[in-house]
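Here is the structure we will look at, set down as structure tokens.
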Amino acid sequence: MPDSIRFRIRYGEKAAVATVIESWKAAHEDAMKAQDVAELVHKCLEDWVADRLYFQEMVARLAGADREQLDEANTHVQEVCDVELRIHALVRENVGAVAQRGHRLEHLEELDKATEDYRNWKEDIPVLLAMGHGPVRKVLQERVQEALTDTPKGSDWQDLFTDEEDSCEVK
């Protein structure tokens, strides 16, 4: 029966090696997930830079466009920002998952800034598009011109305060 003992020893050694390799596999998968999430963060930041440029060009290009084009552009901006905000939320979930396993990822502050920008763009870009609309721009120009040509009216702010030393009353 010496072969039986040798077999069990050999099998035990191989089983131990297999167990160690399996544990490495889990650790490797964990490390790979952290790397994948880091790549997702990087991709989100690249998209943020590209979208900023795209939105700036779009607003400039659509200055003076008709209302239908502006409405279509606004819908597009809202859809792009909504999907990007959803992506950022999903990436954040994955960042949390890998952080629980002890991995630290970089550029999370930039991801926060990108998320904030997408939220702001949802509100700001429609206003910028509207300001570039012909009739709106004309009204704005007229009001600015009017404000520049009107003489300022005198202010009697000093008369609002009494001359008494002990009194801080406002008239």
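Every number here is computed from the coordinates shown, using simple stated rules; none is lab data. A quick note: this is a predicted structure, and the numbers were derived from the prediction, not measured. Note that we place each Cβ from the backbone using ideal geometry, even for glycine, and neighbour counts take in every protein chain shown.
Key figures
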read-out: Kirkwood Rh, Cα atoms: Rg over Rh of region 1-119; value: 1.39
read-out: Separation of the E79 and A15 label points, Cα + 7 Å toward Cβ, nm; value: 5.9
read-out: Cα gyration tensor shape of region 42-99, rounded if a/c is under 1.5, else prolate or oblate by comparing a/b with b/c; value: oblate
